[in-house]
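*Asks:* Quick one: this structure, given as structure tokens, is what I'll be asking you about.
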Amino acid sequence: MIGAIMSILLAASLRSTADLGTTEGQCRRGEAGPALLVDVIGLKDRRGLLKLELYPANDADFLQDDNVLVSAGKVFRRVEIAVPQAGMVEMCIRAPASGTYALSLLHDRDGNHRFGLSIDGIAFGGNPKLGWSKPKAAAASVRVGSTPSRIRIVLNYRRGLMSFGPTED
């Protein structure tokens, strides 16, 4: 269990290139190609940043360093926004083609561009139940069609010493 926690923290702390994948991931008004419209559910508060990332749907590449993926010619897309102060939160991320992709969402509450185990929220496509290790790519994957598809992602935050889960309404 400790090893799994360390691997998540190590992966989250690797220095990525902040704008890598953002041009490719950014949706454009009226665009009709493959994309995900993500309804973000369960924000703990309205501060910080939201970072949505699209990965290949396999365990070797899921949550891999963005520089490594792009250098190898693999799929990586990112969209980052400031948390809106009110209303429903929707994010849009483009995919290179129809298919199945793994998806992660970080609520970076302190805006430091890294996952903080004790304060930040995390979610994945498919909304898997979270433990102390990253989910398998299959559990975090979603299907992207040839036109924008809408999905819901529920954020999870650390609750107590041993668990993660959605905020309690």
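The values are calculated or read from the model by the stated rules, or taken from the named source; none is laboratory data. Only a predicted model underlies this, so the values are computations on that prediction, with no experimental measurement involved. Cβ atoms come from the backbone with ideal geometry, glycine included; neighbour counts cover every protein chain shown.
*Asks:* Regarding segment 61-68, can at least one residue be identified that is within 20 Å of F115 (Cα to Cα), touching a helix residue (DSSP H, G or I) at 6+ places or on another chain (Cβ under 7 Å) and surrounded by fewer than 19 Cβ atoms within 10 Å (Cβ to Cβ)? So that I can check it myself, show each step before the final result.
*Replies:* Step one: list which residues in segment 61-68 are within 20 Å of F115 (Cα to Cα), which gives 61-68.
Still in the running and touching a helix residue (DSSP H, G or I) at 6+ places or on another chain (Cβ under 7 Å): 61, 63.
This time we only want the ones that are surrounded by fewer than 19 Cβ atoms within 10 Å (Cβ to Cβ), so: 61.
There is at least one residue in segment 61-68 that is within 20 Å of F115 (Cα to Cα), touching a helix residue (DSSP H, G or I) at 6+ places or on another chain (Cβ under 7 Å) and surrounded by fewer than 19 Cβ atoms within 10 Å (Cβ to Cβ).
*Asks:* Could we say that V75 is out of contact with any Gly (no Cβ under 6 Å at 6 or more places or on another chain), of a type in the set (A, V, I, L, M, F, W, C), on the phi < 0 side of the Ramachandran plot and part of a helix (DSSP H, G or I) here?
*Replies:* Numbers: out of contact with any Gly (no Cβ under 6 Å at 6 or more places or on another chain): yes; of a type in the set (A, V, I, L, M, F, W, C): yes; on the phi < 0 side of the Ramachandran plot: yes; part of a helix (DSSP H, G or I): no.
Judged against the criteria, V75 is not a match.
*Asks:* Determine which member of the set G111, G131 is among the small types (G, A, S), under 23 Å from D59 (Cβ atoms) and at pLDDT below 95.
*Replies:* On the way: G111 fails: under 23 Å from D59 (Cβ atoms).
So the residue among G111, G131 that is among the small types (G, A, S), under 23 Å from D59 (Cβ atoms) and at pLDDT below 95 is G131.
*Asks:* Now, a different point. If you go through segment 70-85, how many residues are surrounded by fewer than 21 Cβ atoms within 10 Å (Cβ to Cβ) and either farther than 15 Å from G48 by Cβ or among the hydroxyl-bearing types (S, T, Y) (or both)? Steps first, answer last, please.
*Replies:* Looking only at segment 70-85, we keep the residues that are surrounded by fewer than 21 Cβ atoms within 10 Å (Cβ to Cβ), and these are 70-75, 80-85.
Among the residues that remain, those that are also either farther than 15 Å from G48 by Cβ or among the hydroxyl-bearing types (S, T, Y) (or both) are: 70-75.
Qualifying residue count for the region: 6.
*Asks:* How do the strands (runs of 3 or more DSSP E) wholly within segment 126-165 filter down when requiring 1 or more residues that are closer than 18 Å to A102 by Cα and either without any contact (Cβ under 8 Å) to a residue 40 or more places away in the chain or out of contact with any His (no Cβ under 7 Å at 6 or more places or on another chain) (or both): which remain?
*Replies:* The qualifying strands (runs of 3 or more DSSP E) are 141-144, 149-154.
*Asks:* Also, quick follow-up: If a residue has to be at pLDDT 95 or above and more than 13 Å from the chain's Cα centre (by Cα) to count, how many in segment 71-84 make the cut?
*Replies:* 7
*Asks:* Which numbered condition in (1) at pLDDT 95 or above; (2) outside any strand (DSSP E or B); (3) under 21 Å from A140 (Cβ atoms); (4) of a type outside the set (S, T, N, Q) is the only one that G116 fails?
*Replies:* Result: G116 fails condition (1) only.
*Asks:* Right, another one. Got at least one residue in segment 103-122 being of a type in the set (V, I, T), crowded, with 18+ Cβ neighbours inside 10 Å and under 14 Å from K44 (Cα atoms)? Outline the logic, then answer.
*Replies:* As a first pass, look at segment 103-122 and keep what is of a type in the set (V, I, T): 119, 122.
Then keep just the ones that are crowded, with 18+ Cβ neighbours inside 10 Å; that gives 122.
If we keep only those that are under 14 Å from K44 (Cα atoms) as well, we get 122.
Scanning segment 103-122, I find at least one residue that is of a type in the set (V, I, T), crowded, with 18+ Cβ neighbours inside 10 Å and under 14 Å from K44 (Cα atoms), so the answer is yes.
*Asks:* Give just the number: which of (1) more than 12 Å from the chain's Cα centre (by Cα); (2) surrounded by fewer than 18 Cβ atoms within 10 Å (Cβ to Cβ) does P148 not satisfy?
*Replies:* (2)
*Asks:* Consider L54 carefully, then state whether it is in a strand (DSSP E or B), free of Cβ contacts under 8 Å to residues at least 60 places away in the same chain and farther than 30 Å from L161 by Cβ. Talk me through it step by step, then tell me what you get.
*Replies:* Numbers: in a strand (DSSP E or B): yes; free of Cβ contacts under 8 Å to residues at least 60 places away in the same chain: yes; farther than 30 Å from L161 by Cβ: yes.
In short, yes.
*Asks:* Would you say G99 is out of contact with any His (no Cβ under 6 Å at 6 or more places or on another chain) and among the small types (G, A, S)?
*Replies:* Working: out of contact with any His (no Cβ under 6 Å at 6 or more places or on another chain): yes; among the small types (G, A, S): yes.
So G99 fits the description; yes.
*Asks:* Right, here's the next one. If you go through segment 69-91 one residue at a time, how many are in contact (Cβ under 8 Å) with a residue 12 or more places away in the chain and either in contact with a helix residue (DSSP H, G or I) (Cβ under 9 Å, 6 or more places away or on another chain) or of a type in the set (S, T, Y) (or both)? Reasoning before the result, please.
*Replies:* First, the residues of segment 69-91 that are in contact (Cβ under 8 Å) with a residue 12 or more places away in the chain: 69-70, 74-86, 88-91.
Now drop any that are not either in contact with a helix residue (DSSP H, G or I) (Cβ under 9 Å, 6 or more places away or on another chain) or of a type in the set (S, T, Y) (or both), which leaves 74-80.
Looking only at that region, the number is 7.
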